1. I'm checking my understanding of the structure. Among residues of the range 151-197 that are among the polar types (S, T, N, Q) and exposed (fewer than 12 other Cβ atoms within 10 Å of the Cβ), which one is modelled with the highest pLDDT?
2. For Thr124, all conditions in the list (1) over 19 Å from Thr103 (Cα atoms); (2) modelled with pLDDT under 80 hold save one; what is the number of the exception?
3. Would it be correct to say that Ser73 is without any contact (Cβ under 8 Å) to a residue 60 or more places away in the chain, over 13 Å from Asp118 (Cα atoms) and of a type in the set (Ser, Thr, Tyr)?
4. Assuming His46 fulfils every condition listed in (1) at pLDDT 95 or above; (2) part of a loop (DSSP other than H, G, I, E, B) apart from one, which condition is it?
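The values are calculated or read from the model by the stated rules, or taken from the named source; none is laboratory data. Keep in mind that what you see is a predicted model, and the values were worked out from it rather than measured. Here the Cβ positions follow ideal geometry from the backbone for every residue, glycine too, while neighbour counts run over all protein chains shown.
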Amino acid sequence: MTYTFVTLFSNLVEGYFSDSILRRAIDKDLLGIKFLNPRDFSNNKHSKVDDTAVGGGAGMVMNSQPLYDALKSLKEEDENVHIVFLTPVAKPFVQNDAKRLATKSHIAFVSGRYEGIDERVIETFADEVFSIGDYILTGGELASLVMCDAISRNIDGVLGNSDSLTVESFETSLLEAPSFSKPKLYEGLSVPSEYLKGNHSKIRSLKLAMSECKTKFFRPEQLKKHCQGVK
């Protein structure tokens, strides 16, 4: 998988790949990371990439020319690149999207800045448009990293133990059961006693019950889906 981050601020993204799981995935050639800066394509003598909004309104908008030319060059380089725009006015990104996108060979994340991106660029180049939540960020870089991380975990070989994927939240309608580590007793607090008895059937039943409790408390709409599925 190759990821291209289309951003004015590559330094905000680069550091995330310097350690841990994604760093090892890069070292094993499972992932490749590239950057494309629209400012490098600006035909303005001051390399401007923003302008006032047509029709009025506060703030500046990323104008069409630099970003359009940047994405055009990207498509000419790889016609199969899957271009994703990050914006709060889009469908929510969910786990099934992460699993589906993990089958792509090249994904480009376009990070907006200022008050947004000229809509004509989105309409011309977007294969998909996603939001990571109902809130506003100062730029799309964090959202791009969230998607990249979630997608990469579903690529064969990226996780040390692929079985980890099968028990995570959102693989079913339930949230993942609580996790516990050694020591068994810490500061007077113990792990659930059933975990210590070695009866795996009972442990599975307890984990399911705890998943249901956690889902009922934090995401009741997900528990409803689970109950409907069980029926």
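1. The selected residue is Ser193.
2. Tallying (1) over 19 Å from Thr103 (Cα atoms); (2) modelled with pLDDT under 80, Thr124 fails exactly one: (2).
3. Against the criterion (without any contact (Cβ under 8 Å) to a residue 60 or more places away in the chain, over 13 Å from Asp118 (Cα atoms) and of a type in the set (Ser, Thr, Tyr)), Ser73 qualifies.
4. Unmet for His46, out of (1) at pLDDT 95 or above; (2) part of a loop (DSSP other than H, G, I, E, B): (1).
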